[in-house]
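A short worksheet on the structure shown next.
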Amino acid sequence: MWHAGDSRLAEIFDECLSAVGKPVASLTKRDRMRIIALLDQKSAFSFRKSVPFVAKRLQVSRYTVYKYLGELTGEGAAEEQGDTDE
């Protein structure tokens with residue numbers, strides 16, 4: 001069962017990487033954040049051990065993946081808060 005999930009996670013990751021259109025070695029922080037956002041939209045982080053998988057494929061630490069997820073969540077919350085103040 002885990003291998004099937006791992007295979008699907010790999011497919012989702014490859015789709016997101018293709019959307020950016022660059023090899024992993026030449027990704028900028030902005031590119032990696034975009035991939036993380038796309039993965040999040042596709043519920044990739046609901047898979048078991050998805051963060052270590054993504055970290056390994058992006059050649060960053062697990063901490064970095066969690067940090068990017070936090071930044072994405074923080075930006076969304078700040079934007080929503082800004083909308084309600086107007």
Conditions (1) modelled with pLDDT under 95; (2) β-branched (V, I, T); (3) touching a Lys or Arg at 6+ places or on another chain (Cβ under 9 Å): number failed by T73: (3)
Failed item, numbered, when A37 is tested on (1) at negative phi; (2) at pLDDT below 95; (3) of a type in the set (G, A, S): (2)
Long-range neighbours under 7 Å by Cβ, at least six apart or interchain, first residue loosely packed, with under 15 Cβ neighbours inside 10 Å within region 30-48, second of a type in the set (G, A, S): R48/G5
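The values are calculated or read from the model by the stated rules, or taken from the named source; none is laboratory data. Quick caveat: nothing in here was measured; it's all calculated off a predicted structure. Heads up, the Cβs are rebuilt from the backbone with ideal geometry, glycines too, and the neighbour counts pull from every protein chain shown.
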